[in-house]
1. Looking at the structure I just gave you, is A:Leu171 surrounded by fewer than 23 Cβ atoms within 10 Å (Cβ to Cβ) and either assigned to a helix (DSSP H, G or I) or free of Cβ contacts under 8 Å to residues at least 24 places away in the same chain (or both)?
2. crowded, with 17+ Cβ neighbours inside 10 Å and not assigned by TED's automatic domain parsing to the domain that holds A:Thr129, is that true of A:Pro243?
3. Looking at (1) within 13 Å of another protein chain (Cβ to nearest Cβ); (2) in a loop (DSSP other than H, G, I, E, B); (3) hydrophobic (A, V, I, L, M, F, W, C), which one does B:Ile68 not meet, given that it meets all the others?
4. So, A:Gln110, is that one facing chain B (nearest Cβ under 10 Å), out of contact with any Leu (no Cβ under 9 Å at 6 or more places or on another chain), part of a helix (DSSP H, G or I) and within 16 Å of DNA strand D (Cβ to nearest atom) or not?
5. Out of A:Asp156, A:Asp211, I need the residue that is part of a loop (DSSP other than H, G, I, E, B) and without any contact (Cβ under 8 Å) to a residue 40 or more places away in the chain. Which one?
6. Identify, by number, the condition in (1) touching a helix residue (DSSP H, G or I) at 6+ places or on another chain (Cβ under 8 Å); (2) in a helix (DSSP H, G or I); (3) buried (at least 19 other Cβ atoms within 10 Å of the Cβ) that A:Thr130 doesn't meet.
7. Would you please list the contacts, defined by Cβ atoms under 6 Å and residues six or more apart or on different chains, that run from a residue in the stretch A:17-30 that is farther than 15 Å from A:Gln55 by Cβ to a residue that is near DNA strand C (Cβ under 8 Å from one of its atoms)?
8. Within the stretch B:87-107, take every residue that is part of a helix (DSSP H, G or I) and buried (at least 18 other Cβ atoms within 10 Å of the Cβ) and give me the one that is nearest to the other protein chains (Cβ to nearest Cβ).
Number of protein chains: 2
Amino acid sequence: MAEKITIYDISNKLNISAATVSRALNNNPKISLKTKELVLKTAAEMNYKQNRLAQALKSGKTNNVGVIVPYINRSFFSSVIRGIEEELSPHGYHVIICQTHEDVHNEIEQINTLLNTQIDGIFMSVAKTTQDTKHIEKVVKENTPLIFFDRKKNIDGISSVVIDDFKGGYLATEHLIKQGCKKIAHFSGDLNLEIYRNRHEGYLAAMKDYDVTAIPKFSMQVNSKIESGSTAINDLWNLSEQPDAIFSASDYAALGAIQELKRKGIKVPEEVGVVGFSNEPFTKYMELPITSVDQTPVEMGRNAAKVFLEQIEGSKTLSIEKKVVLTPKLNIRESSNRELIKKLLVSKE
Amino acid sequence: MAEKITIYDISNKLNISAATVSRALNNNPKISLKTKELVLKTAAEMNYKQNRLAQALKSGKTNNVGVIVPYINRSFFSSVIRGIEEELSPHGYHVIICQTHEDVHNEIEQINTLLNTQIDGIFMSVAKTTQDTKHIEKVVKENTPLIFFDRKKNIDGISSVVIDDFKGGYLATEHLIKQGCKKIAHFSGDLNLEIYRNRHEGYLAAMKDYDVTAIPKFSMQVNSKIESGSTAINDLWNLSEQPDAIFSASDYAALGAIQELKRKGIKVPEEVGVVGFSNEPFTKYMELPITSVDQTPVEMGRNAAKVFLEQIEGSKTLSIEKKVVLTPKLNIRESSNRELIKKLLVSKE
DNA sequence: ATAACAGTTGTAATCGATTGCACTAAAGTA
DNA sequence: TACTTTAGTGCAATCGATTACAACTGTTAT
């Protein structure tokens, strides 16, 4: 049923040209007020809806943007996407999502099909396996705005929105030091990713600033998995000396560590304080809530969207790359809070 | 730089018509093999990329689908979207995401802009506040395939993919009964949503089947929040008699209940067994992992996508509505597992 | 009275790909 | 030889909206 109404239908009905209808609808100053009102009224009556495909073909602008992430159902990524959607939706943009499954080949594929669909911009967090960046540079060459969030690559002309991972690492470590911890271990992630390198450096910097010796063996590469956290604890407890705190760059590894420590009968946070990273939803639900560095993902998405909007508004003129760095927020919870434990003990007496 | 190559560029270079190029690229049988090969080769050399907008305008098919959910960063919804994306991506579709924030007005708005962008189909989970369904019926009238997942409305001609919430409620309750629980309370959700009504009925049916008395006061409407779960426990413990098990239609309320029971010094699962619903990621990470009914969201998404594909393949001919009902899976964990506790006690001796 | 001009509106090309119909040349048939 | 058939290709319209340029009307300046 519902036949699509076009500007031609309106122009026929009013015995005027389609050009006039188009101009009237676009509020072109050359059209008389009388005609404009008539067209607008008739369009409403006929329930006219602009064909956005035709418009897109003519203008080259689709009002669609693409977001490329490893997995859409990771809490962090879906929250960033939420931020992007909420910021762009009022501006008439639609958000297309793509997953790479952490595989560069998919990343390349997704970029190509997105470019082919003529999206107006791309937001992405690179896959862990991405080394070569030709496919990313191609986006810039095609003049499509590209914005990295969280996981970026250093490529000229590409804007990015990240958190200050160095600071995150620093804050976490500083907090543990202030809780009286002297031998802090660090569970790092895949060092191919800048974010993990930065967290590690933040850790080292805090140790240095507070004159706490950073034992090299205590810097370990641990996967973002519960079991990896447990294993890492076992590895540590096979060494000649053990840490009195863990700063894990992953909440999952932190959880695994806590579980393993409990199994060993080691008290958290009294004997070993633990801090994670990402503020995964589960961290605050635990019986022993886990201190964690919040990456403010929704804010990150919003900011990425804002950078995009600036870039296309300012368009050709000043399309300078913009690097936004958000400050992470340390959420202190029981897994590291010795003060709190002391208080609780006192109040129980 | 990178000028867009069109079929006209190819046709000029080869001194043939654009029509021939188009047909060659589409493998039209009327074109000679020689010409086809020549065109294909030249197209590859010139790095030709088909303009999907032009094609979409001509064919009326955009290869985009829209997904409307309350919030994209809820674990359940983002997992469904993942399933949809993974199933549709190989077929060349892109997934556009929209959020309603549980507000009908946004729902209406999103549907309108999606229809206007000429997506090829819509997947949606209705907002809690949705009562009137005119905006949804409009989609059907415009002949756009619509598929409900999880939260549906009963409207003729609309396919849906849901889990058997009745069975989920039944399984959870049956499990508690088999653990020896006699006085099982049920935390229901917003009864405006079919899913919560069904879970409740499953609970009642199991109670009846096993001759366990369902105390009316033990069926409570509890929000999907931790605090609501705690409050509900307090309400129950103000009654003359208390339950020995809780089947909560929400994992969050279940968690709140467990926390409150612990505060009261009541042992879970020994004194009160608890089962949640949704299998939120946190349920399995808890120190006391929570038994929960898994809704298999990724599978749900995949199935919804399959229904969509069937509908557009079979197109006009047999566009009969299809109702897919997936079987939920009960993940038994410690919060309800008395057998396990017994075993643990024995093994400790 | 006529040129000049502002204000409106129409004509037609354009964005790229697709496709019904027409046309050509070569092959087949009588 | 004359006519039909068929394979292969081109022409031009179409999808719907936009826009440079042309054209027309009525008004103002000279």
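1. Yes: the conditions hold for A:Leu171.
2. Criteria met by A:Pro243.
3. B:Ile68 satisfies all of (1) within 13 Å of another protein chain (Cβ to nearest Cβ); (2) in a loop (DSSP other than H, G, I, E, B); (3) hydrophobic (A, V, I, L, M, F, W, C) except (2).
4. Judged against the criteria, A:Gln110 is not a match.
5. A:Asp211
6. Condition (2) is where A:Thr130 drops out.
7. That search, which allows pairs on different chains as well, returns A:Ser17/A:Ser11; A:Ala24/A:Ile31; A:Ala24/A:Thr35; A:Ala24/A:Lys36.
8. B:Ser89
The values are calculated or read from the model by the stated rules, or taken from the named source; none is laboratory data. Only a predicted model underlies this, so the values are computations on that prediction, with no experimental measurement involved. Cβ atoms come from the backbone with ideal geometry, glycine included; neighbour counts cover every protein chain shown.
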